[in-house]
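Below is one structure, written out as structure tokens; comments come after it.
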Amino acid sequence: MIPAQKGPLFQRFFAWHAERKIRAHFSEVRTIDLDRLAAALANAPVLLLANHSAWWDPLWALALVTRRLRADGYALMDARNLRRL
């Protein structure tokens with residue numbers, strides 16, 4: 001396991017970068033029940049899970065949580081792939 005070394009400046013920059021990458025590669029991204037997710041985040045920690053494993057999943061989650069919901073979040077990735085990428 002690689003422990004998180006998260007700083008607010010890097011997180012904001014990387015979330016902005018992730019959103020730019022998503023906008024450049026996808027014509028549309030849809031969310032359902034974003035208000036419900038925001039309400040859940042206000043009451044307790046929330047775990048977002050993707051139904052598959054892809055490079056885009058942590059980028060999407062980071063951009064959503066940081067740029068849209070203005071919440072603190074972590075994106076998990078397999079340690080071997082994290083070292084490789």
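The values are calculated or read from the model by the stated rules, or taken from the named source; none is laboratory data. The shown structure was predicted, so the numbers you read here are calculated from the model rather than taken from an experiment. Glycine gets a Cβ as well: all are built from the backbone with ideal geometry, and neighbour counts include every protein chain shown. All accessible areas refer to the heavy atoms of the entire protein, side chains included, with ligands and DNA or RNA removed. Shrake-Rupley method; radii C 1.70, N 1.55, O 1.52, S 1.80 Å.
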Student exercise, the chain dipole from Lys, Arg, Asp, Glu Cβ charges, in Debye to nearest 20: 320 debye
The longest stretch of the chain containing none of the chymotrypsin sites (Phe, Trp or Tyr not before Pro) that sit in a DSSP loop with at most 15 other Cβ atoms within 10 Å is 27-54
Heavy-atom accessible area ranking, 1.4 Å probe, most first, across T31, T66: T31, T66
From the gyration tensor of the Cα coordinates in the chain, what semi-axes in whole Å does the equivalent ellipsoid have, largest first, with each one equal to sqrt(5λ)? 20, 17, 14
Provide the net charge surrounding G73, with neighbours chosen by a C-beta distance below 15 Å and charges set as Lys +1, Arg +1, Asp -1, Glu -1. +2
Please identify the longest segment of the chain free of exposed trypsin sites (Lys or Arg not before Pro), where exposed means a DSSP state other than H, G, I, E or B and no more than 13 other Cβ atoms within 10 Å. 31-69
